[in-house]
Amino acid sequence: MQTITTSKGLGELIREERKAQGLTQEQLAGLTGVGVRFVRELEAGKESCQLGRALQVAAALGLSLSVSSRRETTR
């Protein structure tokens, strides 16, 4: 499991997984119902990308995201 703390980190993870699955940005966009521009911006780490769409792309690649609280890590 990787710890992602920035939009750039999430974009890099999505790019790596897309490439590992042999998909182009165009194919991923078509598969997930988002535009190619969105995929490019997401992979570039654009901070204003819509979270819902980013989660949709991650799920299509078989990636799941989890959130942990600082309270949980200090116990």
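Just so it is clear, none of the values below were taken in a lab; they were calculated from the coordinates. Just so we're clear, the structure is a prediction, and the values are computed from it rather than from any experiment. All Cβ positions, glycine included, derive from the backbone under ideal geometry; neighbour counts span all protein chains shown.
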Exercise for the section: Note down all Cβ pairs under 7 Å where the first residue falls in the range 22-39 and is of a type in the set (D, E), the second is surrounded by fewer than 14 Cβ atoms within 10 Å (Cβ to Cβ) and assigned to a helix (DSSP H, G or I), and they're at least six residues apart or on different chains. Expected result: none
Exercise for the section: Have a look at G11, G62, G30 and point out the one that is surrounded by fewer than 14 Cβ atoms within 10 Å (Cβ to Cβ) and either part of a loop (DSSP other than H, G, I, E, B) or not basic (K, R) (or both). Expected result: G62
Practice task
All but one of (1) in contact (Cβ under 8 Å) with a residue 12 or more places away in the chain; (2) part of a loop (DSSP other than H, G, I, E, B) hold for Q56, so report the exception by its number.
Solution key: (2)
Fill in the blank from the handout: When the range 37-54 is checked residue by residue, the ones that are touching a Cys at 6+ places or on another chain (Cβ under 7 Å) and aliphatic (A, V, I, L, M) are L42
Fill in the blank from the handout: Considering residues that are assigned to a loop (DSSP other than H, G, I, E, B) and aliphatic (A, V, I, L, M), the number found within the range 44-53 is 1
